[in-house]
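K.L.:
The following block contains the structure, expressed as structure tokens.
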């Protein structure tokens, strides 16, 4: 019984770690610019697709991964520069439509640059399942969780230990005061998109051996990442991580104990339920309008 | 002001009626009618959705769910319970209205992206239910629906549907314009302008947000029913997340807080994929680029931006 | 307001121009229309189908066409959306004036399009598996692939042979898997098979260990049967191995492409599935009448596109061949005559098997068309 | 009878007392001013009275009815309306429509008649439109009757809010810094408007920085500092209070 | 040092500044007083480059600043202590100070930190705490110290006394006086007219986006019209 429960939790952790990375991507961009970037899922897709193409072309995996991350970051920065920056100050829905347009565009481009097939990567360290108290875990899942943890730690370090990271936080707390300190807001925006792209790409690369990827793989992950970010409270990194894991584990438990057909629905029911009682998510700031 | 507000209504309705009446002259074959009917249906949904998004300032990423519920409600009630189509359509709309009312209370307290998430969630849940309960809905492969009959008369063929849909669009636009120009509609617009400002002069903002949410859901449901009968076949994908996004895009692209803008947006985004089919593999890229470009260069949407441009050229005042 | 009118007119004009361009016929070619899921979740079915049609029509046109007439091919991408499929079917009939329609990559798109095609009286050859397409028989509708019911029957027969009676199902909750699942439940009792566990997953699920764990903990499961296509079955296969399940594992014909083996890697070892002769072309005995057809097609496809042939490409090939044969026999593109000729198709040897249609059978394939295949060392092994 | 009574009212924001144990009363028909340096809690007090914030403790009574924690729109129904320091104008509407929203409670808001724009609605709306245009002239916005709110200058928007609040036909009108950002002439005009309003029998409570105005028009002044009552009384009494002068002008350095 | 000519700025369609002329010489302490909403803060925001200028120009040490992005102005030596303090609440006191030196990274940042801690000992005590937990007066000190971290040659102070207890106000003004004495040029915007004008070399009175009076600080202090404008007496 416990082994079964543990199996569900492990499954949920694997998916949840990926959702958390996607959610963090949303949070970083939201913090810097108050934009919800619906093309976040496409970063995940580009990371996975680029790596698998490069590996198929004979590039060693680590190098391919680095190159793919760089490509994705370039895409992220281009998105900021050419689509988001020119629309600054527009209404929330307008920017939502722009980023949705961007995601459609990127999907279309991927389908031409690559193809419509699914692509995979070899598991980084074999496919021999690891036994954990009667449940099993694939080594690649360990990779996913570990990479997510490393990235989260690195982000923590970046935001808490580097001046530029703190400057980015300062922009999210108070954009104008940050400008008064001489912090270049444009640069911060650009970096936030690059960082989100990095997160997405890294997530895409480690998950490809498990879930495979194709040009449309980003849609669902983007949606789950958005759910994670909102559930945790927009703009709260910790919240995005907790949100991602919650969604992942809720899905796995729901599939295991309730109904696999309704597991996605159950995840959304939980999110709705949380929002009903906590309108700003689990860790979101409560906004009081100043009048 | 009085006449200034009323003139666009009469003139606008007249112009729209004229366009709808003359458009078939340019249709070389029946297929054009089919596309046109879909455009008209989308336009009606968007007129309702625009009340919510454009005038009420509340976003919904789940309206395709209400559309699908209307469609399935009609399909199930007519084929499995033998209800006449009109009764099924009204019953479905009533049920969807009740559902919107029930979920609206907690949801509409949310703001911005949180509201977007919640409505998205509701849309997705509806979609999943329709997909899963195949004993009732036929599952992912969908179900057939009988033609629309009222009092022994059958609405058949794309031409007939065109005139029915055109008339309904005019009705929808007329009703929407009425609503917007009434004390009730003013209160709604005020909610968009400033909820606090509206509350202190006695506007129960929660009530109006709820009202318009229900109204827009009912619009979607009614059109969903018609769509089901006209198409003769429906699948759960008519209620997918993508359809919801598509509907919002129509409203925003055409121009928020502009009823005619919503109609224009619906027309364009229904026709666009038909035109883009020629691009084959490049279709998605072109569509994405058009969406981005329009919103970057015309953040207020097509119709308001064009009206502004026109007004500027005339040197007059902008009145989108 | 005036802006609106202007735009309405402009949009209509643009639409007329955009659509009208392809509508003017020059020298009366044979017009074949197709709506395929070239993008979307079923794109890896639709894409090879499209490539196949284009390749063979191109080749035929170089050779002078059919009956001395060039073939004009109009293909639309429905992205797997049934409502789009219906719209494109309408467009093919009403706007493009095609003589015959091939397509409907998925059961959902085919069923939606039938609503349009049947009343319009245009011959239609579907490339989808769902049995609903031809059962009950619809006058103008035919299909080339095996049905999901046949696949299920083939699998259950194999199980029965091996003495398996308690089976767990795990299927994709989208069109193909869902329909296959329903058919499986229907025919299982006929083979004395009891479905003791019944799980589903979404096409984009990253992990299905939860569902498989449930199956694993169901007492008495002797085999697992997965119905689905796309990357889902590959994930199921991997997870199946991961949680250490060792009972026989069956897949449907939906995974009969090398991609599946590539994606699931070692985990696919030992998986059994029903497949058309095409995937095991070389292994077919020389006496098999299909052998020359499938080896030729395989060679054509693989040299043209440098990628492994799939059964789906074969469905399109069969559809096109039967259609052209019918047009030749009819001596014209008169829709009613062509329809009648398709219905009279007899003894056609295609990639899917031997086809003999009749007024009561618009598919014409027998069970013999399916071969049981097992995956061994990353390749198919014929194991009937 | 007092129109408004505030009883032991307190409001904390994360441990900081914005308003602390405050009590006072407003008599009908008077102009009552609340003064104090920036950050003294004046606007918080307004937000508490008008239901935008809920008090941490204490009671508020309007016409002897407990209205603590009632929502703003409910208070409007009872006869209370207000303006804002940070404008809450509907910038998506015309100026006249802004005022018309103020008339909301007195118009037919039923759904079905609105849907079909029944003649009764058209007629009532036309009457209200005339009334509201008249209100705009009353507050001195003659020039802006046909304008869009988004095109009006700051000073005019302040009056627009007054007109909107008046359109609700309140018995108690709360004005949050009506003269802030106005020049001397405009201030004097607002002054006149407030007196005219009071003359129609509406009780006015205002928060204001412009001491000239406050001294000139108030019947009663309440001085706040750090959320507490510093002094209360007639303008002369408060003006003579040394503590008030120190708090307001800053200690003479 | 700073020269403002005919400066116009809008908030949306609202004209907040209607052609301001103003000058500050090196080493001066100039006060700008006026009622709420007169445009004082808008003027400072224009100087720092966070508020778009729609007309006129700003010159700093002869160079045209009008269109320069905010971060470049900080580099040139203009720092602002914004209205309402605007410290980065969730960040620690020390991080706030470090961000003050954002444009001027280098080894001497540590020395500056020590200097600030010497000037405001309470900040040293609370250096590791989130700035949001400080009291109003402490936040004001932090905001001033944060601006000083950039080694400004022109310090813009927006209502440093706002919402502070009288004792603290006196303390803050003493600090400002000390800064002036150490040679920093200061532009002080205040509602607390007495305190501001008392320490200012010169003063400007702003009313609805226009300068209505301009004189030496002491003269304005004595001017009955200023008193009237404020107290209505």
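K.L.:
Whether any residue in the stretch C:77-95 is more than 9 Å from chain B (Cβ to nearest Cβ), modelled with pLDDT of 90 or more and surrounded by fewer than 24 Cβ atoms within 10 Å (Cβ to Cβ) is what I want to check.
P.N.:
So far as the stretch C:77-95 goes, no, none of its residues is more than 9 Å from chain B (Cβ to nearest Cβ), modelled with pLDDT of 90 or more and surrounded by fewer than 24 Cβ atoms within 10 Å (Cβ to Cβ).
K.L.:
To continue, here is another question. Out of the residues in the stretch B:193-207 that are in a helix (DSSP H, G or I) and surrounded by 24 or more Cβ atoms within 10 Å (Cβ to Cβ), state the one that is farthest from the other protein chains (Cβ to nearest Cβ).
P.N.:
Top of the filtered list is B:198.
K.L.:
Looking at residue A:230 and the list (1) more than 13 Å from chain B (Cβ to nearest Cβ); (2) within 30 Å of residue A:108 (Cα to Cα), which single condition is not satisfied?
P.N.:
Status for residue A:230: all satisfied but (1).
K.L.:
Sticking with this one: Give the stretch C:78-112 a look and list any residue that's touching a strand residue (DSSP E or B) at 6+ places or on another chain (Cβ under 6 Å) and either without any contact (Cβ under 8 Å) to a residue 40 or more places away in the chain or outside the structural domain of residue C:339 (by TED's automatic domain parsing) (or both), or say none.
P.N.:
Result: C:110, C:112.
K.L.:
To continue, here is another question. Residues being assigned to a loop (DSSP other than H, G, I, E, B) and in contact (Cβ under 8 Å) with a residue 60 or more places away in the chain: count how many of those fall in the stretch D:188-204.
P.N.:
1
K.L.:
Something else: Output the residue which, of all residues in the stretch C:208-235 that are facing chain A (nearest Cβ under 7 Å) and more than 26 Å from the chain's Cα centre (by Cα), is farthest from residue C:311 (Cα to Cα).
P.N.:
Filtering first and then ranking leaves C:217.
K.L.:
Determine if the stretch A:74-92 includes at least one residue that is surrounded by 22 or more Cβ atoms within 10 Å (Cβ to Cβ), away from every other protein chain (no Cβ under 14 Å) and in contact (Cβ under 8 Å) with a residue 24 or more places away in the chain.
P.N.:
Checked against the condition, which is being surrounded by 22 or more Cβ atoms within 10 Å (Cβ to Cβ), away from every other protein chain (no Cβ under 14 Å) and in contact (Cβ under 8 Å) with a residue 24 or more places away in the chain, the stretch A:74-92 yields at least one hit.
K.L.:
Just give me the residues in the stretch E:57-90 being surrounded by 22 or more Cβ atoms within 10 Å (Cβ to Cβ) and within 11 Å of another protein chain (Cβ to nearest Cβ), in sequence order.
P.N.:
Result: E:70, E:73, E:74, E:78, E:79, E:80, E:81, E:82, E:85, E:87, E:88.
K.L.:
If you don't mind, another one. Quick test of your reading of the structure: residue A:38 fulfils all but one of (1) part of a helix (DSSP H, G or I); (2) surrounded by 24 or more Cβ atoms within 10 Å (Cβ to Cβ); (3) within 14 Å of the chain's Cα centre (by Cα); (4) within 14 Å of chain B (Cβ to nearest Cβ). Name the failing condition by number.
P.N.:
(1)
K.L.:
Please verify whether the stretch B:118-141 includes one or more residues that are away from chain A (no Cβ under 14 Å), closer than 20 Å to residue B:226 by Cα and not in a helix (DSSP H, G or I).
P.N.:
yes
K.L.:
Yes or no: the stretch C:181-188 includes at least one residue that is within 14 Å of chain A (Cβ to nearest Cβ) and either modelled with pLDDT of 95 or more or in a helix (DSSP H, G or I) (or both).
P.N.:
yes
K.L.:
Restricting the stretch A:254-279 to residues that are facing chain B (nearest Cβ under 7 Å) and not in a helix (DSSP H, G or I), which is farthest from residue A:228 (Cα to Cα)?
P.N.:
Filtering the stretch A:254-279 for residues that are facing chain B (nearest Cβ under 7 Å) and not in a helix (DSSP H, G or I), the one farthest from residue A:228 (Cα to Cα) comes out as A:261.
K.L.:
I've got another one for you. Residues in the stretch B:22-56 that are surrounded by fewer than 24 Cβ atoms within 10 Å (Cβ to Cβ), in contact (Cβ under 8 Å) with a residue 24 or more places away in the chain and outside any helix (DSSP H, G or I): how many?
P.N.:
Going through the stretch B:22-56 one residue at a time, the tally reaches 0.
K.L.:
What number goes with the only condition from (1) more than 14 Å from every other protein chain (Cβ to nearest Cβ); (2) over 21 Å from the mean Cα position of the chain (by Cα) that residue C:140 does not pass?
P.N.:
Unmet for residue C:140, out of (1) more than 14 Å from every other protein chain (Cβ to nearest Cβ); (2) over 21 Å from the mean Cα position of the chain (by Cα): (2).
K.L.:
Any idea which of C:159, C:245 is surrounded by fewer than 21 Cβ atoms within 10 Å (Cβ to Cβ), in contact (Cβ under 8 Å) with a residue 12 or more places away in the chain and more than 7 Å from every other protein chain (Cβ to nearest Cβ)?
P.N.:
Residue meeting the stated conditions: C:245.
K.L.:
For residues that are in contact (Cβ under 8 Å) with a residue 24 or more places away in the chain and at the interface with another protein chain (Cβ under 8 Å from one of its Cβ atoms), scanning just the stretch B:266-293, find the one that is farthest from residue A:109 (Cα to Cα).
P.N.:
By that ranking, first place goes to B:267.
K.L.:
Which condition number does residue E:186 fail, the rest of (1) more than 21 Å from residue D:211 (Cβ to Cβ); (2) in a strand (DSSP E or B); (3) within 12 Å of another protein chain (Cβ to nearest Cβ) being met?
P.N.:
Just one mismatch for residue E:186, condition (3).
K.L.:
Tally time: how many residues in the stretch E:41-56 are buried (at least 17 other Cβ atoms within 10 Å of the Cβ), more than 13 Å from chain A (Cβ to nearest Cβ) and either free of Cβ contacts under 8 Å to residues at least 60 places away in the same chain or part of a strand (DSSP E or B) (or both)?
P.N.:
2
K.L.:
Next question, about the same structure. Is it fair to say residue A:247 is surrounded by 24 or more Cβ atoms within 10 Å (Cβ to Cβ), at the interface with another protein chain (Cβ under 8 Å from one of its Cβ atoms) and under 17 Å from the mean Cα position of the chain (by Cα)?
P.N.:
no
Matching residues to (1) more than 30 Å from residue C:211 (Cβ to Cβ); (2) crowded, with 23+ Cβ neighbours inside 10 Å; (3) facing another protein chain (nearest Cβ under 7 Å); (4) without any contact (Cβ under 8 Å) to a residue 60 or more places away in the chain:
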{"position": "A:94", "(1), (2), (3), (4)": "yes, no, yes, yes"}
{"position": "A:110", "(1), (2), (3), (4)": "no, yes, no, no"}
{"position": "A:118", "(1), (2), (3), (4)": "no, yes, yes, no"}
{"position": "A:124", "(1), (2), (3), (4)": "no, no, no, no"}
{"position": "A:127", "(1), (2), (3), (4)": "no, no, yes, yes"}
{"position": "A:134", "(1), (2), (3), (4)": "no, no, no, no"}
{"position": "A:138", "(1), (2), (3), (4)": "no, yes, yes, no"}
{"position": "A:143", "(1), (2), (3), (4)": "no, no, no, no"}
{"position": "A:152", "(1), (2), (3), (4)": "no, no, no, no"}
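K.L.:
Here is a further query. Name the residues in the stretch D:52-74 that are under 15 Å from residue D:11 (Cβ atoms) and touching a residue at least 24 places away in the same chain (Cβ under 8 Å), would you?
P.N.:
If the condition is that a residue be under 15 Å from residue D:11 (Cβ atoms) and touching a residue at least 24 places away in the same chain (Cβ under 8 Å), then D:53, D:55, D:56, D:57, D:58, D:59, D:60 are the ones that fit.
K.L.:
Return a yes/no flag: does the stretch B:68-78 have any residue that is in a helix (DSSP H, G or I), without any contact (Cβ under 8 Å) to a residue 24 or more places away in the chain and under 18 Å from residue B:235 (Cα atoms).
P.N.:
yes
K.L.:
I would also like to ask the following. Scan B:179, B:184, B:170 and give me the residue that is at pLDDT 95 or above and either surrounded by 24 or more Cβ atoms within 10 Å (Cβ to Cβ) or within 20 Å of residue D:114 (Cα to Cα) (or both).
P.N.:
Only one candidate passes the filter, namely B:170.
Each row is one residue, and each column tells you yes or no for (1) modelled with pLDDT of 85 or more; (2) crowded, with 18+ Cβ neighbours inside 10 Å; (3) more than 14 Å from chain D (Cβ to nearest Cβ).
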site: E:139; (1), (2), (3): yes, yes, no
site: E:149; (1), (2), (3): yes, yes, yes
site: E:156; (1), (2), (3): yes, yes, yes
site: E:160; (1), (2), (3): yes, yes, no
site: E:164; (1), (2), (3): no, yes, no
site: E:173; (1), (2), (3): yes, yes, no
site: E:182; (1), (2), (3): yes, no, yes
site: E:195; (1), (2), (3): no, yes, no
site: E:214; (1), (2), (3): yes, no, yes
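K.L.:
Then there is this: Would you point out the residue of the stretch A:16-34, among those that are modelled with pLDDT of 90 or more and over 8 Å from the mean Cα position of the chain (by Cα), that is nearest to the other protein chains (Cβ to nearest Cβ)?
P.N.:
Filtering the stretch A:16-34 for residues that are modelled with pLDDT of 90 or more and over 8 Å from the mean Cα position of the chain (by Cα), the one nearest to the other protein chains (Cβ to nearest Cβ) comes out as A:30.
The values are calculated or read from the model by the stated rules, or taken from the named source; none is laboratory data. In this text the structure is predicted, and so the values were computed from the model without any measurement. Ideal geometry is used to build each Cβ from the backbone, glycine not excepted, and the neighbour counts take in all protein chains shown.
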